[in-house]
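Trainee: Quick one: the structure is below, and I'll ask about it shortly.
Nothing in this text is a laboratory measurement; each read-out follows from the coordinates by a stated rule. Keep in mind that what you see is a predicted model, and the values were worked out from it rather than measured. Cβ coordinates were reconstructed from backbone atoms using ideal geometry, including for glycine residues, and neighbour counts include every protein chain displayed.
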Ligand code: NAD
Ligand code: TDX
């Protein structure tokens, strides 16, 4: 039985991780720390709220006192840090909260791990720390040795956190690991991100805002496959190591949007090309051979099945996304897309 702190568990990947862990390791105690920012949604966690082996704490990971108190009470064996500001466009608009949560928050969590002792601190990072790859070199992939070369305030804050995590390992001997995953998709994905945004706009017959020509490439992984990979890394991954996670599923943005139109029987005339994202990364593509070789991980969900399940989930869970898209999100949407 492990006692595991999961930060950011009311967000997209963190909540999927909690649901996965409940099934895979029902004996483990899970303690979720989440500040409940605009991206955190307590209703997502309703299915586990009454569970005796689950505790939810509305906590900011930058709040040292509150974090230390929880460590003191729970004496965790493992910490998995999902908590972050995660949206590139918001980081371009205002970087400062990204530096606070993604860098300072990570250091507070690791200080707590040093103070109270820990078996493993795991940092959930991203392939964006490697920057991007050119569109005309399909032979190139990110490996764990690819130099850090960030483009956005978001990716720079995630890379800074990664460097701190490795420094805490080298300097203090903290038992850390890092995973760097490609783009996730699946249930509970916040509507500001490409796939849910396009599904929800299409359902409302609203324009589908594709940045630039839509030729940028992302490497999509079904969220449950990411969760399984993290579970393997925290249990069997080597301390001090970085593991890339991805499923060799590269697609251009425009292909994804067309596919969503097709599945929802909506006309492609909804597609509207808008001003490109500043500093827009061209292509992400992960080489996942290390995690396959060392831990036997392979993705299980094919994109055709995963996107079907995801679209179906959004069709059936309007009660989850409707309150989001009618609230504060409308102001965000207007700011981001109004004059684009
Ligand atoms: P998300 O934005 O959906 O969720 C983030 C969660 O963190 C929210 O519940 C939010 O309330 C919480 N949070 C934010 N600031 C906090 C703070 N200061 N203290 C406590 N909680 C706080 O993000 P996501 O897409 O689920 O991403 C989770 C992690 O995975 C992030 O670290 C992100 O960088 C990384 N990642 C995401 C992807 C992806 O495709 N979404 C891919 C690779 C890596
Ligand atoms: O309206 C849109 N139109 C559009 O063309 C949006 C929201 C996005 N895009 C493009 C930009 C990207 O090329 O789609 C692609 C995907 O965009 P996002 O969903 O914003 O994801 P991305 O910027 O690739 O970052 C995601 O993957 C890596 C996550 O948000 C990060 O947290 C993760 O680290």
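Trainee: Taking residue 248, is it more than 21 Å from residue 89 (Cα to Cα), under 20 Å from the mean Cα position of the chain (by Cα) and in a loop (DSSP other than H, G, I, E, B)?
Mentor: yes
Trainee: Could we say that residue 294 is assigned to a helix (DSSP H, G or I), over 22 Å from the mean Cα position of the chain (by Cα) and without any contact (Cβ under 8 Å) to a residue 24 or more places away in the chain here?
Mentor: So residue 294 fails the test.
Trainee: Quick one: is residue 301 within 30 Å of residue 243 (Cβ to Cβ) and part of a loop (DSSP other than H, G, I, E, B)? Working first, answer last.
Mentor: On the way: within 30 Å of residue 243 (Cβ to Cβ): yes; part of a loop (DSSP other than H, G, I, E, B): yes.
Answer is yes for this residue.
Trainee: Right, next: For region 275-284, which residues satisfy the criterion of being in contact with a helix residue (DSSP H, G or I) (Cβ under 7 Å, 6 or more places away or on another chain) and either on the phi > 0 side of the Ramachandran plot or surrounded by fewer than 20 Cβ atoms within 10 Å (Cβ to Cβ) (or both)?
Mentor: Listed by number, the residues that qualify are 277, 278.
Trainee: Does at least one position in region 302-314 carry a residue that is under 26 Å from residue 92 (Cβ atoms) and surrounded by fewer than 16 Cβ atoms within 10 Å (Cβ to Cβ)?
Mentor: no
Trainee: Of the residues that make up region 117-128, is at least one out of contact with any strand residue (DSSP E or B) (no Cβ under 9 Å at 6 or more places or on another chain) and more than 16 Å from ligand 1 (Cβ to nearest atom)?
Mentor: Initially, region 117-128 is screened for residues out of contact with any strand residue (DSSP E or B) (no Cβ under 9 Å at 6 or more places or on another chain), giving 117.
Next, only the ones that are more than 16 Å from ligand 1 (Cβ to nearest atom) stay: 117.
Checking region 117-128: at least one residue is out of contact with any strand residue (DSSP E or B) (no Cβ under 9 Å at 6 or more places or on another chain) and more than 16 Å from ligand 1 (Cβ to nearest atom).
Trainee: Considering region 144-200 alone, what residues qualify as being in a helix (DSSP H, G or I), within 10 Å of ligand 2 (Cβ to nearest atom), in contact (Cβ under 8 Å) with a residue 40 or more places away in the chain and closer than 22 Å to residue 37 by Cβ? Steps first, please.
Mentor: Here is the first cut: in region 144-200, the residues in a helix (DSSP H, G or I) are 153-172, 194-200.
Checking the rest, the ones that are also within 10 Å of ligand 2 (Cβ to nearest atom) come to 154-155, 158, 194-198.
Narrowing further to those that are in contact (Cβ under 8 Å) with a residue 40 or more places away in the chain: 154-155, 158, 194-196, 198.
Across region 144-200, the qualifying residues are 154, 155, 158, 194, 195, 196.
Trainee: Please go through region 133-143 and pick out each residue that is closer than 16 Å to residue 245 by Cα and either assigned to a strand (DSSP E or B) or touching a strand residue (DSSP E or B) at 6+ places or on another chain (Cβ under 6 Å) (or both).
Mentor: Of everything in region 133-143, those that are closer than 16 Å to residue 245 by Cα and either assigned to a strand (DSSP E or B) or touching a strand residue (DSSP E or B) at 6+ places or on another chain (Cβ under 6 Å) (or both) turn out to be 140, 142.
Trainee: Could you please find all residues in region 167-199 being more than 10 Å from ligand 1 (Cβ to nearest atom), touching a strand residue (DSSP E or B) at 6+ places or on another chain (Cβ under 7 Å) and within 30 Å of residue 271 (Cα to Cα)?
Mentor: 198 - this is the single residue of region 167-199 that is more than 10 Å from ligand 1 (Cβ to nearest atom), touching a strand residue (DSSP E or B) at 6+ places or on another chain (Cβ under 7 Å) and within 30 Å of residue 271 (Cα to Cα).
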